[in-house]
Each structure stands twice: as C-alpha cells, then as structure tokens.
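Engineer: This structure is in structure tokens; I'll ask about it shortly.
Read the figures in this text as sums done on the coordinates, not as results from a lab. Computed from a predicted model, the values in this text were never measured in an experiment. In this analysis, Cβ positions are derived from the backbone assuming ideal geometry, glycine residues included, and neighbour counts consider all displayed protein chains.
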C-alpha cells in the first residue's frame, strides 16, 4: 500500500526473534526441481503456495529478503520497538482463506478496535472538539450530534445503505472473475460455462433491486457527491472521505473515489463486517501464520533466495527460475508475487513476450501518494481534544485510526492538488495509529510504536528533485509539526523514526 521512497533515519537490524520468525518453514535444502515455484514470499505468494501444496502440488517459495511477508512484515527498526513496517491494519484477508488454512491454529491473533475512528478538530489553532466513531451506534450518534443533529439521525441509515451493497458484492470476491470474451468465443459448451459464471453478478444485481442506480453511483462517483447526499457536517464527511482516498493518488472530488471507500468497508474481522484490527506481534504475524500453514502441508519456503530470471521454453512456457547466484530451479509452473512490472519487464526475457503486452505492463500506473513514517516514542501521545489520564494508560481513542488535518474535504482536496503539481502537501492528511495501545509487546514498558500513514507526497518531485534524505526529513519534520499541533509534546517524545 505504501510506496517506498527510500529510508530516512532508519536503524538497521532485526531481533533474534525476528530472524527466527523470518525463517519459519525454511527447514529443508532447496531442491533442483518442483511442480511449482513462487517468486516472492509476500502474503499473496504464501497463500498461493499453501493452497498449491495443500492440493498436492510440490511447491517452493523463494523470497529475496531475510524475512517473509513483503509488505506484511514486523521489523525491529529501533531496538526494542517492533513495527508493522508497511501495511499496518488487518481487515481484507478473506475469511474463507483464514478458515481453510486454519490461520488461528498457526498463530494468527488479532486485536479488534472499538471505537475505531478518532478525529480531533483544529479550530482557531486549538483542538478542543473531536469526533469518535465506534460500533456503539447510540454513542456514535451522540458524537456526531456535536456537529449536526441531522447527520446523527442520518448516520444509521447510511451505514445500512453501505451494508446492503457490501452484502450483495461480498460473494463476488470469492468467485472467479467474469470473462466477457468467453461468452462469444469457443465451443458452445465453453460459452454456456462462461454464462454460468455470471450467476454471482446477477444475484448481486437482484439483491440491490430498485436501488441499483444509487449503488452504481457509489462505485463510479466522487465520494463528495455521495457524502453530500447524506451529511452536512464537514468533520464527519472528511473523516469518512479518508477511506475513499487513503493510499490512492485521488482527491475526494475524483470520480471513482466512492469505490475506494467501499473497498475499505468490505472487510471482515472475527465475524464483524467492516472491522479493522491490529495483528498480535505486528503484521508479520499474518505472514508467519500463512507460511506456517504452507509449511505444515509440506511447502519448502526459503529466504535470501533472490530470483534473477524466469526460464521459458521454446513456446514461451515457464520451465523454472534462475537465482542470482546462478542456481537453476526447474518447475512446471511459475507464480510471481512480485509486481507485474518487475515480473514481465525484468525477470522474463522480453523477446519471448508480445511487444503489445509489454507496452501495457509498462503503462500500468502504480504510483502511490503515501509516505509512511514509523515512529518510536517514549510516552503516549496526549491530544488536546482528549488529554491523557494518569499513569499514561491508553484511553479508548488511542486504539483508533486517528485522523489529523481532516476537518473538511476541501483540506484533503488542496493537499491532493499540491502533490499533483509535484510538491508535498503543506498540510498533509495523516492517519495516526498506535498499535501498542492494544498490544504492549511491541514496545518497552511505557513506550509506544506510532504509525503515520501520510499523504499526499508526489512520486516524482517538481523540477526533477530527488527524494533524498534531506527531502524526506524535511517532509517528516512537517508531519511532526502537524502532529504536535494536535498533541503537544509529541516531538519531544520521539526516540527514532523510519521514513518510507
């Protein structure tokens, strides 16, 4: 989710525990031949390996780094502080995968959050008011009523509206994608099978009934158009709009941003729709549980095995991979957990791939507007809108996604516009999370780990300036200044930081 612009002030190294976990499943010697080889040990690659091995396909995973997980990793960047370095919350892992791979049996534990959203409101340089959203609808309505009694009444109806759309679309996420070309091509039997594949889509349409046009608008319109139909108070609209732009180079006014919000409410955690939570031990716990499931079925999993290229036969069929040290590993099937660009533009011989296809891959835009800053602090942040209690004990709002600079949607739009012109936002949107508020094993006693998921930062700076350490630290300092405005004393509490 986060683009890696490089490291700012980073501390190298992993704990002994981290290194032990990094090699979970890497028990055996690498064989020279497998039925399937998976390039990359990110969570998607590990899921693929687990299912393949479970179905009897002899599978190996080859990860280039010293630890598994890709973006879902736990790393001890600052001694004693364990960070979910890239991804930082769990929700969108399909329940079916968790059940079928028995991830709880393999160690996956999750801390659910309630309440889940906290927005302090900065007014005239002070942040005395705040908006706290949770699963208790009565309390949530009371919070919203501070800003608009009309919105407080509308909110349960809005939640029910989205819930109906999620329920209709949810089965599609576990169904094979529809292939329109197959309806008109090939033998009759193949076309009939393709039409049967439409059934989940048709059922979704029937479930939405006469409200289908309104739901179609959610999938295609700017999120501001949707939220303006329901609400009038800007702090509520801006808080909800963050889910429509987070991780995306999009403004709340961008068409299609409504779908991004829908995407973020389509998850499920321990049976609760739309819930997000912290993984015990950090996000690496997800990857370790999946790796444990794959290894339990017999998959071979290796770290520090970077792949240099894919071996192709005369007809372009995959025949294995070559590692950077020259080792050849033969296989009947090669799956890549690397990006499409890395896979087809660097690992696959270009002369064996259609030129038009390579052009399409090269044109894929995966640029992110996000700079993520992982911060080690020696005390809990204290927000002006909700000051800390005695003894530094976490309060309910500390477990939330804390939205800063989210007083209104125009603020988000202006931040987007600045990045579109090649300059980092002067008032960036900040999602601040403190997973150690629920999981004290992540930091030394009294200390905490803080995740700052911030945007917008342009992937390429204006004038061709490099994203060097000076630029990164200048931006991180700006982010810290804004956190300080909402929670005085934050900057003095910082022990170390890591900028991605």
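Engineer: Helix 234-245: angle to the longest alpha-carbon principal axis of the chain, degrees 0 to 90, nearest 10?
Structural biologist: 10 degrees
Engineer: Hey, quick one: spin label on residue 420, modelled 7 Å out along Cα-Cβ, who in the stretch 225-245 has an amide N within reach, i.e. under 16 Å?
Structural biologist: 225, 245
Engineer: Just need the relative contact order of the stretch 132-234 here, percent rounded to a whole number, with Cα pairs under 8 Å and 6+ apart.
Structural biologist: With pairs under 8 Å counted, the relative contact order is 29 percent.
Engineer: Using 0.36 nm per residue, how much length does the chain from residue 105 to residue 360 gain when fully extended, once their Cα-Cα distance is taken away?
Structural biologist: My answer for the length gained is 87.6 nm.
Engineer: Hey, what's the per residue convex hull volume over the C-alpha atoms of the chain, in cubic angstrom?
Structural biologist: 166 Å³
Engineer: What full-extension length gain, to one decimal in nm, is calculated for residue 459 and residue 296 as 0.36 nm per residue of separation minus the Cα-Cα distance?
Structural biologist: Residue separation times 0.36 nm, minus the Cα-Cα distance, leaves 54.6 nm.
Engineer: Sticking with this structure for a sec: Go ahead and estimate [θ] at 222 nm for the chain from helices alone: -39,500 (n - 2.57) per DSSP H run with n ≥ 4, summed, over the residue count, rounded to 500.
Structural biologist: Theoretical 222 nm ellipticity from helices: -10000 deg cm²/dmol.
Engineer: How far apart, in nanometres, would the label points at residue 66 and residue 211 be if each is projected 7 angstrom from Cα along the Cα-to-Cβ direction?
Structural biologist: Placing both labels 7 Å beyond Cα along the Cβ direction yields 5.2 nm.
Engineer: Also: Sequence gap at least 6, Cα distance under 8 Å: using those rules, report the relative contact order of the stretch 213-309 to the nearest whole percent.
Structural biologist: 22 percent
Engineer: Quick check on the stretch 304-376: take the gyration tensor over C-alpha atoms, sort the square-rooted eigenvalues as a ≥ b ≥ c, and tell me if it's rounded (a/c under 1.5), prolate or oblate.
Structural biologist: Oblate.
Engineer: Where a ≥ b ≥ c are the square roots of the eigenvalues of the C-alpha gyration tensor, would you call the stretch 223-345 rounded, which needs a/c under 1.5, or, failing that, prolate if a/b is larger than b/c, or oblate?
Structural biologist: The shape class here is prolate.
Engineer: In the chain, what % of DSSP beta bridges are antiparallel (nearest 5)?
Structural biologist: 75 percent
Engineer: Which angle from 0 to 90°, rounded to the nearest 10, does the C-alpha axis of helix 469-486 make with the longest principal axis of the chain?
Structural biologist: Compared with the principal axis, the helix lies near 40 degrees.
Engineer: Let a ≥ b ≥ c be the square roots of the eigenvalues of the Cα gyration tensor of the stretch 16-164; is it rounded (a/c under 1.5), or, if not, prolate (a/b larger than b/c) or oblate?
Structural biologist: prolate
Engineer: Also: Report, to the nearest 10°, how far helix 284-296 tilts away from the longest principal axis of the Cα atoms in the chain, using its own Cα long axis and a range of 0 to 90°.
Structural biologist: Its long axis makes an angle of about 30 degrees.
Engineer: What is the chain's relative contact order, in percent, from Cα pairs under 8 angstrom and six or more apart in sequence?
Structural biologist: 25 percent
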